[in-house]
1. Going by average Cβ density within 10 Å per residue, which order do the peptides A:22-35, B:12-25 take, highest to lowest?
2. Which value results when the Cα radius of gyration for the protein assembly as shown is divided by 2.2 N^0.38 Å?
3. I need the phi-derived Karplus couplings for the range B:153-163: 6.51 cos²θ - 1.76 cosθ + 1.60, θ = phi - 60°, integer Hz, Gly and Pro marked x.
4. For the residue pair B:THR9 and A:ARG45, what label-to-label distance in nm results when each label sits 7 Å from Cα along the Cα-to-beta-carbon direction?
5. Hey, what's the Cα Rg ratio for the range A:50-94 versus the globular rule of thumb, 2.2 N^0.38 Å?
6. If you take the alpha carbon radius of gyration of chain B and divide it by 2.2 N^0.38 Å, what ratio comes out, to two decimals?
7. Quick check for you: which residues of the range B:101-130 have the amide N under 11 Å from the point 7 Å beyond the Cα of B:HIS290 toward its beta carbon?
8. Considering only DSSP states other than H, G, I, E and B, which chymotrypsin sites (Phe, Trp or Tyr not before Pro) in the range B:213-285 qualify as loop sites with at most 15 other Cβ atoms within 10 Å?
Amino acid sequence: MDTQWPLWEVFIRSKQGLDHKHVGSLHAADAQMAMENARDVYTRRREGVSIWVVESKHIHASNPDEQEAFFDPADDKAYRHPTFYEVPDSLTHI
Amino acid sequence: MVAHPDLQTQFDLRVAEDQRIEPKDWMPEPYRRTLVRQISQHAHSEIVGMLPEGNWITRAPSLRRKAVLLAKVQDEAGHGLYLYSAAETLGTSREQMIDDLHSGKAKYSSIFNYPTLSWADMGVIGWLVDGAAIMNQVPLCRTSYGPYARAMVRICKEESFHQRQGYEIMMTLAKGSEAQRAMAQDALNRWWWPVLMMFGPKDDESPNTALSMQWKIKRFTNDELRQKFVDATVPQAEYLGLNIPDPDLKWNETRGHYDFGPINWDEFWEVVKGNGPCNRQRLEARRKAHEEGAWVREAAAAYANKRKAKSEK
Ligand SMILES: [Fe+2]
Ligand SMILES: [Fe+2]
């Protein structure tokens with residue numbers, strides 16, 4: 001069993017004006033090769049206009065086991081939403 | 001599994017509510033194991049599946065056919081890579097999967113152990129083998145494991161070109177000379193039954209199905225998918241004016257489906273066990289490609305290290 005090149009995560013901007021979105025991963029010896037492999041694996045039909053590659057080991061992720069506690073500070077702040085506020089039906093543009 | 005009652009409940013609830021399970025979520029070990037087996041098997045099938053068609057790239061009858069076949073085979077390589085990448089999110093490594101393929105421990109679709117004897121086989125493979133794969137893969141776009149489902153969405157978008165280019169080859173042959181029609185019919189005769197076997201053993205002989213359905217990894221049973229495939233394919237064969245080699249094939253008014261004859265399961269199990277016409281040849285080709293590519297992998301790694309060292313100076 002030989003050792004593999006490092007793992008890279010691939011992000012693609014599908015068209016100008018949109019965010020880069022995670023599409024998958026691949027193995028490559030370095031960033032340049034990761035970029036070229038990403039082009040060949042993930043954009044054979046012009047699915048992208050821009051690619052980001054990041055070595056997977058550099059990604060820090062939130063812990064799903066603590067998902068509830070981590071995100072619940074937002075739960076009791078309904079006043080962050082426009083629907084929290086009552087305005088007369090007769091008004092427009094508000 | 002018993003050790004985490006809360007986690008298990010949460011997992012079951014998620015699956016029941018049709019939510020996706022993501023890589024870092026807790027999951028029962030048998031679920032993880034089943035996925036690693038299924039996804040890596042699926043990846044291996046894409047990779048080994050390049051061999052029978054690769055056999056005809058240099059002999060394609062025109063430049064157009066050659067470019068198309070090459071593009072299709074490249075797509076299959078891509079599918080293998082999407083799927084290996086999905087399997088790796090479950091904690092298995094690429095080396096391990098490749099090793100299991102080369103040692104014969106891991107399986108791949110039995111269909112790729114049949115030889116491609118004529119150009120018409122390229123037509124039948126695109127039409128029927130990719131057609132059967134699509135039947136299998138469309139429901140997998142909603143499979144419960146997120147990375148697998150997303151890989152399948154990507155794959156399904158690309159498969160329909162595969163099936164159409166195959167059918168186009170068949171249409172050309174079917175409208176061609178007597179010899180071309182005979183070649184098309186011969187290919188259909190050889191591939192029809194192995195294609196039906198692609199859906200796997202009958203439901204009552206497929207012990208993993210129930211659990212896979214419960215986990216929503218699978219959405220339809222093997223027999224359900226096989227029936228859907230037969231129903232969809234018969235009119236396509238009729239349009240070509242080709243005969244499906246099954247004397248029992250008949251529309252059943254009450255069932256609203258085609259009835260079809262018995263499958264030779266002994267043949268299926270022989271192929272699965274490694275005794276199909278091309279099993280050894282396929283594995284040898286994979287191993288050889290891997291071994292002969294070792295120096296490229298080593299050179300690329302050495303070059304990357306050298307460049308890194310230089311840039312750090
Ligand atoms: Fe494929
Ligand atoms: Fe395909």
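1. Values: A:22-35: 19.9, B:12-25: 14.4.
Result, highest mean first: A:22-35, B:12-25.
2. Details: Rg = 24.4 Å, N = 407, 2.2 N^0.38 = 21.6 Å.
Cα Rg divided by the expected 2.2 N^0.38 Å: 1.13.
3. So the J values, rounded to whole Hz, are 4, 4, 5, 4, 4, 8, 5, 5, 5, 4, 5.
4. In this crude label model, B:THR9 to A:ARG45 measures out at 4.5 nm.
5. 2.10
6. Dividing the Cα Rg of chain B by 2.2 N^0.38 Å gives 1.09.
7. Backbone N within reach: B:101-106.
8. For chymotrypsin sites (Phe, Trp or Tyr not before Pro) across the range B:213-285 that sit outside H, G, I, E and B with at most 15 neighbouring Cβ atoms in 10 Å, the list is empty.
Where a number appears in this text, it was derived from the coordinates with a stated rule and is not lab data. Just so it is clear, the structure is predicted and the values come from calculations on it, not from any experiment. Counting neighbours? That spans all protein chains shown, and the Cβs are built from the backbone with ideal geometry, glycine included.
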